[in-house]
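Q: Submitted below is the structure of interest, expressed as structure tokens.
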Amino acid sequence: MGRAIWIGVKFLSGALIGAVIGATVTAYAAGAADPAGAGEGVVAGIRMRMNAAKEAGDAAAMQTEAALTQQFRTKVQDPEALNPPTALHPNV
């Protein structure tokens, strides 16, 4: 029984230390440890990386779609396959 209690105490102390370290890192990353307004640079950097990742994902999706369309056209031997009809897409 004493061993189980010791394991529980060690677990709880480890969880407490981890929570303190996590809170400290989060506060620093959010700018709470910096002077007022200094965290805005971090937010702007994160926003810039998110936008760059979204653009890269969109470009990769378009490239994959083009490759799969070409593969399908080759397989069915129809160079016009998968083209949307212009009646349904008048702006194209």
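The values are calculated or read from the model by the stated rules, or taken from the named source; none is laboratory data. It should be emphasised that the depicted structure is a prediction, and the values quoted were computed from it without experimental measurement. Quick reminder, even Gly has a Cβ in these numbers, built from the backbone with ideal geometry, and neighbours come from all protein chains shown. For accessibility, only protein heavy atoms count, side chains too; no ligands or nucleic acids. Shrake-Rupley method; radii C 1.70, N 1.55, O 1.52, S 1.80 Å.
Q: What FRET efficiency would be calculated for the residue pair Val76, Arg49, taking the C-beta separation as r and a Förster radius of 30 Å, to the nearest 0.05? Walk me through the intermediate numbers first.
A: On the way: r = 41 Å, r/R0 = 1.35.
The formula returns an efficiency of 0.15 here.
Q: What nm value, rounded to one decimal, do you get for the distance between Ala30 and Val42 when each label is placed 7 Å out toward the C-beta?
A: Label at Ala30, label at Val42, 0.9 nm between them.
Q: Heavy atoms only, 1.4 Å probe, whole protein assembly: order Phe11, Phe72 by accessible area, highest first.
A: Most to least solvent-accessible, the answer reads Phe11, Phe72.
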